Amino acid sequence: MTEQTDQEEVLNVDGEVKDVIEDEIKHHETLKEGNNDFKAKYYYLAAEVENMRKRFEREKESLLKFGNEKVLSSLLTVVDNFDLTVSAIKNDNDDKVQNIVKGIDMIRNQFLDILKQNGLTQVETVGKMFDPNFHEAVAQAPAPGKPDQEIITEYQRGYLLNGRLLRAPKVVVANNA
């Protein structure tokens, strides 16, 4: 009987070991699944952080390029007033007035240079074809010898800020129909 009891004990111990091993395998698989979930969450969060960093960089660049848009837009009226002043008095024959015109024109050019250093450029108009994305037509006029939709007169200058339209130029377009 001892032999049979010993065999039963061995079988019993083998069964317990087998149960323990199976439990360990199940526990290991559960940990592995949890580890895979953790890895997936980690990769997702790492990708989110990278996307946020890229978005922040784009927003920072945009802010640097266009952050002064409101100020520059306001200063364009000052440039317009310089232009109006010069055009109003430049035909005067008085030498003193002509010296004033030269001084105002020098200040205007200096002012425009500073604006240009900050990304402002003038939209080309006269002689160009009308483009509704960059020009605002205020009138149409017959212009013999000019093709239709060619800009023949500029009423107000337009400006781009780092390639983006800040103010559309107001123009007269040829219409020979």
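So here's what we get for this one:
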| item | result |
| --- | --- |
| Top-ranked residue of the range 73-111 - restricted to ones that are more than 20 Å from Y155 (Cα to Cα) and touching a residue at least 24 places away in the same chain (Cβ under 8 Å), ranked as surrounded by the most Cβ atoms within 10 Å (Cβ to Cβ) | F111 |
| Top-ranked residue of the range 47-72 - restricted to ones that are polar (S, T, N, Q) and assigned to a helix (DSSP H, G or I), ranked as surrounded by the fewest Cβ atoms within 10 Å (Cβ to Cβ) | N51 |
| So E154, is it farther than 19 Å from V71 by Cα, under 24 Å from the mean Cα position of the chain (by Cα) and either among the β-branched types (V, I, T) or surrounded by 13 or more Cβ atoms within 10 Å (Cβ to Cβ) (or both) | no |
| Of all residues making up the range 75-100, the number that are closer than 17 Å to L120 by Cα and not in a helix (DSSP H, G or I) | 0 |
| Strands (runs of 3 or more DSSP E) (entirely within the range 105-177) containing at least 3 residues that are over 25 Å from S74 (Cβ atoms) | 136-141, 151-156, 170-174 |
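Every read-out reported here was derived from the displayed coordinates using simple, explicitly stated rules and does not represent laboratory data. None of these values were measured; they are calculated from a predicted model. Methodologically, a virtual Cβ is constructed for each residue, glycine included, from the backbone with ideal geometry; neighbour enumeration extends over all protein chains shown.
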